[in-house]
Every structure is written in C-alpha cells, then in structure tokens.
Amino acid sequence: MIHSLFIINSSGDVFLEKHWRSVISRSVCDYYLEAQRANPNDIAPVIATPHHYLISIQRGGVSFVAVCMEEIPPLFVIEFLHRVVDTFQDYFSDCTESIIKENYVVIYELLDEMLDNGFPLATESNILKELIKPPNILRTIANTVTGKTNVSEVLPTGQLSNIPWRRTGVKYTNNEAYFDVIEEVDAIIDKSGATVFAEIQGYIDCCIKLSGMPDLTLSFMNPRLFDDVSFHPCVRFKRWEAERVLSFIPPDGNFRLISYHISSQSVVAIPIYVRHNLSIKTGEQGRLDLTVGPKQTLGRTVEGVKIEVLMPKCILNCVLTANQGKYNFDPVSKILHWDIGRIDVTKLPNIRGSVSIASGSNTAEINPSINVHFTINQLAVSGLKVNRLDMYGEKYKPFKGVKYITKAGRFQIRM
C-alpha cells in the first residue's frame, strides 16, 4: 500500500516526510520535481518510476506525494491524500507550509493514526479529534509543563462500534442540523452567447449537532436530477437505490454528505452573461468594451463577481474606465483582472477603453477568453430542492436549516 509520504513546498524542497512500511530515500521525489519543471500547471497525478509509483496532489501551494511499491488503484490514494489535507485544515484552519512547520508534532501523530502499516485506518475527523486533541494555546502550555502529548490514552468508543464515524454519548443543549447545498457551474460559452458545454458539480455539506444516536432521512423534491453521486459512508446505499432518499446516522460535526454531478445541459441554467467587444482600430490601437449582467437568477443577487480576461501576447497595455469595481492589467501574464463585487441590475457593470497592440502583430488571431467567478446565495441553479428532514430514534425536536449557494466553477466565455 502507501510506503511513504513526502510534502514538498513551491520551491521544490521536501520539508516533511513520513514512512510506514520501509524508509524510501527522498531522492525518489526527483522524478516528481522533473515532471513539475516540465509542466508546472499540469503534473501527471501518477508517475511510474523503475521501482516505485508516485501519486500526488497539489493543495494550497504544497505538493503531497505518496510513494507506493506496487500497483494500486490511484483514486484510492488520491482520495486519501485529499482526506489528509482536509483533516489538516479542520485541525489548523489552513494547510500551508508555515502552518505544517508550526505543527510538526501533531501532524506526525495524525499521520500515525490515519495510516496503519500503509493502510488507511482512522480518517473520520470526529474520531481523530477524540484520539488527538486539536492544538490550542492552553493545551500547548500545559503539555510543555507536564510533558504530556495531545494523544488520548483511551480508544474512542466509535472505533469499536459498527458506526465508526460517530462517537457515543454525544450531548448538546441546542440540537441543530444545517445543510448547505452548494452547486458549481462549469460552462463554456461561445462568441455568440450559445452554450457549448455546461454541467454542474454539486455537494451537500452538513453541520450536525444532535444528541444521542439520531437516525435521519433527507428527501428531495426532484432526486432524478442526479446523474452521478458519491456518498459519505454513513448513507444507506440500498435505501437510496430503492426510494431515492438519504437515510443515515450522521457523524458529529461537519462532514460532506453527498457529492453529485448533473451533466444534462437542458437542466443547467446559465446565471450570468458578458457582452463583449474587442475591435482593432489601427495597427497599434484597439478598443475593449465589456458589460456584465444577471440571467436566469430568479431575482437573486449575483455577488462576488470577478472577471479575468486572458489577453493575447500581442497586447502591451490597457487603459480602461470601469463604472463599478477595480481593475488591473498584468503586462507579464497578459491577464486583465476586474473585481466587480455585487451586480446592481439598475446599473450594469461596464468597463471600456483602449488597448495597445504591438506593432506588426497578426490581429486576425486576437481571440481572448474570459474566466468568470461569481456567487449567488439562496439559489440552486439545477432546481434541486430539499423536501423534508425526518429524525427517528430520539424524542427531541431539532432546529433544521437548508441554505442554497450557486458558484462559478470553470466558467469560460470565448470572445
């Protein structure tokens, strides 16, 4: 299974390594660094070397490289590496080089519990928090004085039950269950505004703080929308296949209940449009005009709007005027950033002005693309709606809440 893990910073230095089955020299990372130098934006997730397989992910400017000696399912290792990063973020609020270096001891303790002899063991956040207490200032001072560690002396009760994701004896004064339905729209829009490609990547994140051992059932108005689904282990899959409802005993705290994919373009409503015009006046001068507006948002406000225009290499500079937000143009990367914020439908955001073009350039091939970022609260663009949440096994009435958020994923408009 997984023999070693190397964590590499943006400069290509290995600043943490952990070995489970045998000690592997860090020189094996040279194969990964060579692939990174060859194509830093598209590193192959699996690299085969003469004696090892390197399986890697990149998160927060840090590379996590797992080393295996034999062939194993790559997605299994990739999912585990993402779970490692998610756990670090849960413990330390972020996962950067400086934070990892500040928490070496806790990180080695976590890696010891998450992997046993190269095989995943405890990967549930609430079980890990019972095994290894999250660091805080008081606990750090107490450990320094007493010589103790963050590792618990008692095995979590959930580890020995058939519901390993939930600890026993959970008690809350206020019993709450919150569900965030988050959808990311991936789309490609052509010059005329027609949709070339559109799909939705969605997920439901939960914050469950319920006493005892509640058994929940979550039903949807239109569950047939889902093309592809991935569940948390707590979900009873047979019940989903038969009735299209989510039946589960939830973990305590925050977790991702379901990830789903909707690929039928007829369901995907494009919530934003960009009217664009780039005209070349003379050999060395041109004009750019962009207007952004909402579309099919059911009256919801479009917020956090950011536009990135990937200009061609022949563009030297931009002198523009925006009626909303701020812009800047990077002459090295040739990217125009326009931070709009919230769209006011009574006065649509517009940016216009002149662009300088290098003399002798072939202006016929000027076709920039626009990357769009946005957020719409209280809207699931697919039309997905939660019908009801029922609870069994406990007598109290919990407070329940559902929030819908639509965000831009890889949303590109071609000019």
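The values are calculated or read from the model by the stated rules, or taken from the named source; none is laboratory data. Remember, it's a predicted structure, so these values are computed and weren't measured experimentally. Methodologically, a virtual Cβ is constructed for each residue, glycine included, from the backbone with ideal geometry; neighbour enumeration extends over all protein chains shown. Keep in mind that these areas ignore ligands, DNA and RNA; they rest on the heavy atoms of the full protein, side chains included. Shrake-Rupley method; radii C 1.70, N 1.55, O 1.52, S 1.80 Å.
Anything in segment 373-388 that is part of a strand (DSSP E or B) and crowded, with 21+ Cβ neighbours inside 10 Å? List them, or say none.
Scanning segment 373-388 gives 374, 376.
Looking at 267, 196, 245, which one is more than 30 Å from residue 164 (Cβ to Cβ), touching a helix residue (DSSP H, G or I) at 6+ places or on another chain (Cβ under 8 Å) and open to solvent by less than 80 Å² (accessible area, probe 1.4 Å)?
Only one candidate qualifies: 267.
For segment 1-52, which strands (runs of 3 or more DSSP E) that fit wholly inside it have 3 or more residues that are crowded, with 17+ Cβ neighbours inside 10 Å and of a type in the set (A, V, I, L, M)?
Here the list reads 2-8.
Name every residue in segment 305-339 that is under 11 Å from residue 374 (Cβ atoms) and open to solvent by 40 Å² or more (accessible area, probe 1.4 Å), in order of residue number.
Residue satisfying the conditions is 306 alone.
Please pick out the residue among 45, 50 that is of a type outside the set (Asp, Glu) and more than 22 Å from residue 111 (Cα to Cα).
Just one listed residue meets the conditions, 50.
Residues that are among the charged types (D, E, K, R): find the strands (runs of 3 or more DSSP E) completely inside segment 219-273 holding 1 or more of those.
The qualifying strands (runs of 3 or more DSSP E) are 228-231, 253-262.
Among the candidates 92, 64, single out the residue that is under 20 Å from the mean Cα position of the chain (by Cα), open to solvent by less than 60 Å² (accessible area, probe 1.4 Å) and farther than 18 Å from residue 115 by Cα.
92
What tally of residues in segment 287-322 results from selecting those that are more than 25 Å from the chain's Cα centre (by Cα), of a type in the set (D, E, K, R) and assigned to a strand (DSSP E or B)?
2
With the checklist (1) at pLDDT 65 or above; (2) in a loop (DSSP other than H, G, I, E, B) in hand, flag the one item residue 155 doesn't pass.
Just one mismatch for residue 155, condition (1).
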